[in-house]
Amino acid sequence: MKTLITILILLALSSHEICGQSLKVNGTVRDGKSDELLIGASIRIKETGIGKITNQDGEFSFELEKGIYTLSLSYLGYKSSEIIVEVPLIKPLEIQLFPEAFELGQVEVLATGYQEIPRSRASGSFVNLNEELIDRRVSTNLIDRLEDVTSGLILNRTGDVGRDPVSIRGRSTLGRFSQPLIVIDNFPYDGSLEDINPNDVASITVLRDAAAASIWGARAGNGVIVITTKSGKVDEKIRVSFTGNANWIEPTDPFLIPNLGVNDYIDMEERLFGQGFYRTLENDRGNAVLSPVVETLIAARDGVISESEAAGQIAQFRTYDLRNDLNRYLYRTQLNQQYNLGISGGGNSHTYRVSIGYDDIREEVEGNSSDRITFSLKNDFKFLSDRLKVQTAFYGVKSRALDQNAGPGDLFFSTFSEMYPYARLADETGQPLPLNRDYRNGFKQDLQEVGFLDWSYVPLAERGRADTQSERNDWRVNLGLSYDILPGLRLNGLYQYWENYGRNETIYSQESYFSRNLINGFTGLSQDGRLNYGIPRGAVYNWSNSRSFSHSGRVQLDYQKDWDQGWSLNALAGTEVKSLESTALSGRYYGYNPDLATSQVVDYVSLFPLSFNAFANSRIPNTDAQNLLRDRFYSFFANSSIGYKNRYLITLSARKDASNLFGVAANQRSVPLWSAGLGWTISEEDFYDWEAVPYLKLRLSYGYNGNVDRSLTAFTTARGTSFNPITQIPYSIIVNPPNENLRWERIKISNLGIDFESRTGRVKGTLEFYRKEGLDLIGAIPYAPSSGISVFTGNNASTRTNGYDLSLETVNIQGKFNWSSVLLISGLKEEVVSYEQEVNVNSLLDFGINGLGGNYFPVVGRPLFGVYALPWIGLNPDTGNPIGLLNGEPSEEYRDIINTAELESLIYHGSARPTSFGSFRNTVSYQGFSLSANISYRFGYFFRRSSVQYETILQGRGGHSDYSLRWQNPGDELSTSVPSLPEARNPFRDQFYRRSSVLVENGNHIRLQDIRLAYSLKNSAKETGLFRNAEFYLYANNLGMLWKATESDWDPDFGPMRPRRSIAFGVQLDF
Amino acid sequence: MKNISFQTKLIKRRLGILLTLVCSLGVFSCSEFLEVKPDQSLVVPTTLEDVQSMLDNTNIFNAQPVLPLIASEEVWITDAGFDALGNPIEQATFTWQEDPFLGGFAGDWNSVYAQVFYSNVALDVLSKYEGERNQFYNTLQGSAYFLRAYAYLQLVDQFSQPFQKGADNSRILGIVIKESPDVNEPIRRSSLLETYDQIFEDLNLAVSLLPDRAEPKTRPTKAIALGALSRAYLNTFRYPEAANAAKEALEIYSDRLDFNNINVNASRPFVRFDQETIFYSTLFSLSFLRSNEVFVDSTLMDLYDENDLRKKAFFDRASNGQFIYTGKISGDTRNFGGLSVGELYLNAAEGFSRMGEDGEALKFLNELLALRYDSEFWEPIASLNSSELLERILQERRKELFGRGLRWMDLRRLNQEGAGITLVREVKGQRYELVPNSLRYTFPIPMDEITRSGIEQNPR
């Protein structure tokens, strides 16, 4: 690779002299106001008729004979001008163009990761976010900043959210890899987006259709988000900018969790005790823990305490509420602080930017915090009279987090149950109190008396005993070379090295409950009263390390030519190589002594008797694990656009991707994909005379993107495991059955776009219609178990999404007082076109059962994520039993209702994800003040509420707070739909209610997302000399619901919880 | 003009060189660069070691159905325990409901077919193997045949009607026989006769291919295949073959565990892979097997003599005076379900007894009991008439093979022989009965299988 570049450079250098016959006329074109370089500005030499367009760096050049020439300059949205030059030039020209009173046609520069193109040369669907928009929202995470300002993009709140957190124009894949591709500084980014400092980002371009994204080929199927970081500017004096903000976020409200209240919980425990329910548990060989109320009732029954004492104690328990204690002792207002200092500048042939950022997060849970330091350094050099450009950049991030393991997430009653709601964390004086956990108190005490470690669980005392520290170092180095070989022909070479090192460790000190519990469990009592420790005393030290690194390289040729007749050609072609490797190791040390950093060996092989269960034995948990993953990609790509007189545009793009897919034949390792687009600026036509709309452009594109599921194979594959506790011999698991018909997923996208702008520039917008068809999609379908697998994954589905995106910007009032609006409206209809197998009705009905969706269930003609329910008739007025439909008749035969349910007999409510969404952002400004508010809406979808399940309640494990709304007496059915408490556990009755339509709610809602109030001192530099620019702002987020269709108190997107409100204060200073 | 043409030529040449370079970059790497494994732990099985590694997956193999144990009459559960059972299927199975699978667990079918799938993958890899077909190869092939047959044997005992003595078994539905690992192969139920033919064919091949011994005891051997063969012959009333297969197996596998030599009072007197175990396999785990409200049927307990060491070794007395099953020859809390020396003795004894060779039968019975009774008090059984002998053998069968799910198989075939055993249980005041040869001796096939492959359901 190195040699290749060297050879190319040498080749290119030799060309210089030969072109020396004519004289070079070169220069740059800039915006006269902002000093931004203008890409795609047109320069025509009147005398010769030759025309050129400025390149990616705003540069142009001609070869001319000696003489005097008139250069005619034009650029969409700018005043045309003419200048007279004398050749030879003394120095390169620096031409300034000034915007017209209003801007016609958008002048943004769109980054695809392979090139930067002006909007006028685009036929595809791009959304561009500038720095101002990115900085509008206060958040430490970049992705949050895209929400409700990016047309067509939505953050998913339901259905497979873990794998699919962001959707661009719906989801056209079933598979595991459903996230958009993130590109930073020209290369796909393998790290975590949390490691990108939003303050370093200059712009974000979202590629939505095939023409825009197919240059990314097989990785572009879910859309591409291209992030460009800030650079210094040519001929700019040193510029120092500082931003800082503090964001206060309210803590989680535990009262919102719909859990059984204390009185209901205790009533149920008393009732179950009366029925003898706890007898089994009392005799449990594993000494399973019982709650304080049950222990009290047992003590009273056995005469250890009197009935009145017991009643007194239980009355006391009824006054406690764990949620109050959580608020008091564990939760606090979260505080996020962000600071960033950037210094940039540039001379003629060198520009630079250096920035340092510091983020500090005080988490909502006491004792937890994290921070992040980011550093970036970017240098751009030009050599050989600007023909050779060298770019270097370094980005480093160090993030750390401390979790003191004392949050509500660590409060358990037993391995399977949540803590009882009347648990009390501390007494009146604030003294931490023990809670019942894992084993019965009497049993624990007996063993403590013979020398076992203290077995009590005191949550508040746990803080600091089991600290988890994690650290991540992420850095990347970019090197870019570009050389103008010949006029219009440029060779680019790019290289990136990225590395991420992560470390996570938890030291459970011997005082921690975790260690004491584990050590006690493996402690044996010998006949002579001595204790044998299976696990040595001391701390338990969990650690995991991960290291990932990648090399990415690209060689690319750019060619640009303009013909006198008005034709222009822009083309690029190249090849790209990438290799990514990641290793992860984890393990545990027992008997760790933090002072000496020593640990002790344990016997992982033998079975040890467990102290808490005379009939059980177990091995000492071994958490050692290691893996090694390698991804390799190899691609060829080409892209070209041909334009004629700013009127017509044809774009073509193609790419072939190959990857080290495993277990496939060599010819299945690669896939070619392509796209084509057309652009027609109607307003440039001679016949066009619609004066109200002087700018109108039509865009049409068609093509294919791809998606790769690297986990599948065409041959049978097996995965080796290293440890088998029974035989001590490694064994393997079959991960994929043979599938010779495996193919790559393809997504066919057609897009029609209209860009328009009114004469006054007051109204401008883009309207796009699109169709995305997912072909050969890889899906998992249930399989007859006798085939040996119950799920088969293969190319067995296709989907179609039709939709539109409208973005409309208006300036409503202009003058001293300004009012502008941005309206984003997106609508889409997703449906599964084919799917080889019928899905299990029960799985469909279980979607959203826990409030937040689940996996997709493809049903032909319906969206991937849909809400289905069983018909609901009502409650039986005599018994409070729920009534459903069986063969069209009202019925209480729940088992039959569930088992005979068919797709046709279900109610399909609608999509589980919004089918219409958008936002309406208004900004008013007066002098230095500006106030911006964003209202967002989500329409056309449904969600399922959770409600009471008697299965858990009747096992004394608590349940849903709807219990208190249940049917209790005839007549209640008029005011409630919560079924009565059944005599005995009846899972089918529970299931019927859970799946019935009475729990399905309309998700439509409008919320006031945020408000930003800013005051800026724009011209203070002249007066005070202190800053060029200063802005102070207040930002409030998640302000609340303006309207929602559901009458329940659920938030359609956040379930019973609420998005946490926050308020931030910040400054932005430019010196 | 000359200049221009020269220039164009030069450009062309340069572009040519550039393209060649770029292309050669492509050629050099494509082949090797993309050969790297994406995940180091993945393998496309091709070697004998790969096959061994698949067959060593004890989570797939060495595990077997559990519901027959719950359905038979060896143990009972208190009402409180019944209510506390984790999965509705356990309650439904215990009370012989029409369709116990409604609760969701279908492991008895699904997991056993996973064994068939793994075996078929192994056989497929072996059939394409190009290396030397040596003893290792034969062992693996024999293992795969055995494991497939053992899986079929489990399935046919649970999901097909019992093999009919003196009826046309080719007209009775068997189970699904899978010939290849191809998951798209059409699925149909074979006849009961075809199913057993397949089992015998696989087992006979396994007998001819497998070595006498193997370590550890999760791996098949010739004795193990013979043991399974003897079980299958018993099911099909081919007693001479059953007796001879068991006898041959006992000759090959000569280890014996004398209960006099172990501490029968220990809470766990057995060690995994001890001499008693010929083939290690355990039952799938359900909460029924872990419940402390499950007690041994007291009439069964009454059968144990005080000098019978099995009583102490297998059982502990609970606080309520009832017996619980604690001493499992798996060596841990899992219920053993594989092949043991005891079963082979009893197969041989029963086979010979039913053949009329009482002397041989008694010899096998005495040999076993000498290992089970306190040697201080043990007197070999001297003489019994034929029916008394058979009765004693069957009684010892219940006592020896407790808690393995084998009783279900025995109930199915013994009722065919006219034993007329009616099972009765009472749960929460309600009485349930399972009459001899009831259709409920055949489990229904899980709904997922019926809906996805469309095969015929069993009548209940």
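The values are calculated or read from the model by the stated rules, or taken from the named source; none is laboratory data. In this text, all values refer to a predicted model and were calculated from it rather than measured experimentally. Methodologically, a virtual Cβ is constructed for each residue, glycine included, from the backbone with ideal geometry; neighbour enumeration extends over all protein chains shown.
Can you confirm whether A:Gly591 is on the phi > 0 side of the Ramachandran plot and surrounded by 15 or more Cβ atoms within 10 Å (Cβ to Cβ)?
yes
For the stretch A:766-788, what are the residues that are crowded, with 18+ Cβ neighbours inside 10 Å and either at positive phi or away from every other protein chain (no Cβ under 14 Å) (or both)?
A:Thr766, A:Glu768, A:Tyr770, A:Lys772, A:Glu773, A:Gly774, A:Leu775, A:Asp776, A:Leu777, A:Ile778, A:Gly779, A:Gly788
I need the full set of residues from the stretch A:641-661 which are more than 32 Å from the chain's Cα centre (by Cα) and in a strand (DSSP E or B), in order please.
A:Ser641, A:Ile642, A:Gly643, A:Tyr644, A:Tyr648, A:Leu649, A:Ile650
Tell me the residue from A:Ser798, A:Ser758 that is modelled with pLDDT of 90 or more and more than 26 Å from B:Ser41 (Cβ to Cβ), please.
On the way: A:Ser758 fails: modelled with pLDDT of 90 or more.
Being modelled with pLDDT of 90 or more and more than 26 Å from B:Ser41 (Cβ to Cβ) holds for just one of A:Ser798, A:Ser758, which is A:Ser798.
Here is a list of conditions, (1) more than 8 Å from chain B (Cβ to nearest Cβ); (2) free of Cβ contacts under 8 Å to residues at least 40 places away in the same chain, and A:Ile733 meets all of them except one; can you say which number that is?
Failed condition: (1).
Kindly list, by first and then second residue, each pair from a residue in the stretch B:47-68 that is closer than 13 Å to B:Ala114 by Cβ to a residue that is crowded, with 21+ Cβ neighbours inside 10 Å and charged (D, E, K, R), limited to pairs with Cβ atoms under 7 Å and residues at least 6 apart or on different chains.
Every condition considered, the pairs that remain are B:Pro65/B:Asp108.
Can you say whether A:Ser203 is over 29 Å from A:Asp164 (Cα atoms) and either in contact with a strand residue (DSSP E or B) (Cβ under 8 Å, 6 or more places away or on another chain) or in contact (Cβ under 8 Å) with a residue 60 or more places away in the chain (or both), as far as the supplied structure shows?
Judged against the criteria, A:Ser203 is not a match.
Quick one: is A:Arg913 crowded, with 16+ Cβ neighbours inside 10 Å, modelled with pLDDT of 95 or more, among the basic types (Lys, Arg) and in contact with a Gly (Cβ under 9 Å, 6 or more places away or on another chain)? Even if it seems obvious, please write down each step before you answer.
Values: crowded, with 16+ Cβ neighbours inside 10 Å: yes; modelled with pLDDT of 95 or more: no; among the basic types (Lys, Arg): yes; in contact with a Gly (Cβ under 9 Å, 6 or more places away or on another chain): yes.
When the stated conditions are applied, A:Arg913 does not pass them.
In the stretch A:47-90, what residues are among the hydroxyl-bearing types (Ser, Thr, Tyr) and under 23 Å from A:Tyr644 (Cβ atoms)?
Once the filter is applied, which keeps residues that are among the hydroxyl-bearing types (Ser, Thr, Tyr) and under 23 Å from A:Tyr644 (Cβ atoms), the stretch A:47-90 yields A:Thr48, A:Thr54, A:Ser61, A:Ser72, A:Ser74, A:Tyr75, A:Tyr78, A:Ser80.
Output yes when any residue across the stretch A:650-658 is closer than 30 Å to A:Leu628 by Cβ and free of Cβ contacts under 8 Å to residues at least 40 places away in the same chain, and no when none is.
yes
Kindly list the number of the only condition in (1) under 20 Å from the mean Cα position of the chain (by Cα); (2) surrounded by 20 or more Cβ atoms within 10 Å (Cβ to Cβ); (3) closer than 30 Å to A:Glu951 by Cβ; (4) within 13 Å of another protein chain (Cβ to nearest Cβ) that fails for B:Pro88.
Unmet for B:Pro88, out of (1) under 20 Å from the mean Cα position of the chain (by Cα); (2) surrounded by 20 or more Cβ atoms within 10 Å (Cβ to Cβ); (3) closer than 30 Å to A:Glu951 by Cβ; (4) within 13 Å of another protein chain (Cβ to nearest Cβ): (1).
Suppose we filter the stretch B:283-307 for residues that are among the charged types (D, E, K, R), surrounded by fewer than 17 Cβ atoms within 10 Å (Cβ to Cβ) and part of a loop (DSSP other than H, G, I, E, B); how many remain?
So the answer is 2.
Among what's in the stretch A:601-632 and is part of a loop (DSSP other than H, G, I, E, B) and closer than 20 Å to B:Ser285 by Cβ, pick the residue that is nearest to the other protein chains (Cβ to nearest Cβ).
Residue satisfying both the conditions and the ranking: A:Leu607.
From A:Leu322, A:Leu260, A:Leu272, which residue is within 14 Å of chain B (Cβ to nearest Cβ) and of a type in the set (A, V, I, L, M)?
The conditions single out A:Leu272.
Of all residues in the stretch A:258-275, count the ones that are touching a residue at least 40 places away in the same chain (Cβ under 8 Å) and not in a helix (DSSP H, G or I).
4
Among residues belonging to the stretch A:65-82 that are surrounded by 14 or more Cβ atoms within 10 Å (Cβ to Cβ) and at pLDDT 80 or above, point out the one that is farthest from the chain's Cα centre (by Cα). Before you say what the answer is, go through the steps one by one.
Quick first cut of the stretch A:65-82, residues surrounded by 14 or more Cβ atoms within 10 Å (Cβ to Cβ) only: A:69, A:71-78, A:81.
Add one more test, that the residue is at pLDDT 80 or above, and what stays is A:69, A:71-73.
Numbers: A:Tyr69: 55, A:Leu71: 49, A:Ser72: 48, A:Leu73: 44 Å.
Ranking the candidates gives A:Tyr69 first.
A:Ser231: at negative phi, of a type outside the set (D, E, K, R) and not in a strand (DSSP E or B), yes or no?
So A:Ser231 fits the description; yes.
Give just the number: which of (1) at pLDDT below 95; (2) buried (at least 21 other Cβ atoms within 10 Å of the Cβ) does A:Gly971 not satisfy?
Result: A:Gly971 passes all but (2).
Listed residues A:Leu447, A:Leu491; which is part of a strand (DSSP E or B) and over 30 Å from A:Ser548 (Cβ atoms)?
Every option except A:Leu491 fails the conditions.
Test of understanding: among B:Gly342, B:Gly338, B:Gly403, which residue is in contact with a Ser or Thr (Cβ under 8 Å, 6 or more places away or on another chain) and under 23 Å from B:Ile224 (Cβ atoms)?
B:Gly338
Here is a list: A:Ser611, A:Ser586. Which entry is at negative phi, more than 39 Å from the chain's Cα centre (by Cα), modelled with pLDDT of 90 or more and surrounded by 15 or more Cβ atoms within 10 Å (Cβ to Cβ)? Working first, answer last.
On the way: A:Ser586 fails: more than 39 Å from the chain's Cα centre (by Cα).
Selected residue: A:Ser611, the only one of A:Ser611, A:Ser586 that is at negative phi, more than 39 Å from the chain's Cα centre (by Cα), modelled with pLDDT of 90 or more and surrounded by 15 or more Cβ atoms within 10 Å (Cβ to Cβ).
Can you tell me which of (1) away from every other protein chain (no Cβ under 13 Å); (2) buried (at least 23 other Cβ atoms within 10 Å of the Cβ); (3) farther than 25 Å from A:Thr173 by Cβ is the one A:Ile747 doesn't meet?
The one condition A:Ile747 does not meet is (3).
Taking into account only those residues within the stretch B:273-282 that are within 14 Å of chain A (Cβ to nearest Cβ) and buried (at least 20 other Cβ atoms within 10 Å of the Cβ), which is nearest to B:Thr326 (Cα to Cα)?
Among those that are within 14 Å of chain A (Cβ to nearest Cβ) and buried (at least 20 other Cβ atoms within 10 Å of the Cβ), it is B:Thr282.
For B:Arg404, all conditions in the list (1) crowded, with 18+ Cβ neighbours inside 10 Å; (2) in a helix (DSSP H, G or I) hold save one; what is the number of the exception?
(2)
Take A:Pro536 and tell me if it is facing chain B (nearest Cβ under 10 Å) and in contact with a Gly (Cβ under 7 Å, 6 or more places away or on another chain).
Taking the combined requirement at face value, the residue does not satisfy it.
Yes or no: the stretch B:103-111 includes at least one residue that is outside any helix (DSSP H, G or I), within 14 Å of chain A (Cβ to nearest Cβ) and either at positive phi or more than 22 Å from the chain's Cα centre (by Cα) (or both).
yes
Please find, within the stretch A:490-508, the residue that is farthest from the other protein chains (Cβ to nearest Cβ) out of those that are over 23 Å from A:Ser579 (Cα atoms) and buried (at least 19 other Cβ atoms within 10 Å of the Cβ).
Per the stated criteria, the residue is A:Ile507.
Taking the residues in the stretch B:443-460 that are at the interface with chain A (Cβ under 8 Å from one of its Cβ atoms) and part of a loop (DSSP other than H, G, I, E, B) as candidates, determine which candidate is farthest from B:Ile89 (Cα to Cα).
The residue in question is B:Ile455.
List the strands (runs of 3 or more DSSP E) that sit entirely inside the stretch A:91-148 and contain at least 1 residues that are under 30 Å from A:Arg647 (Cβ atoms) and at pLDDT 85 or above.
The strands (runs of 3 or more DSSP E) meeting that bar are A:109-111, A:116-118, A:126-129.
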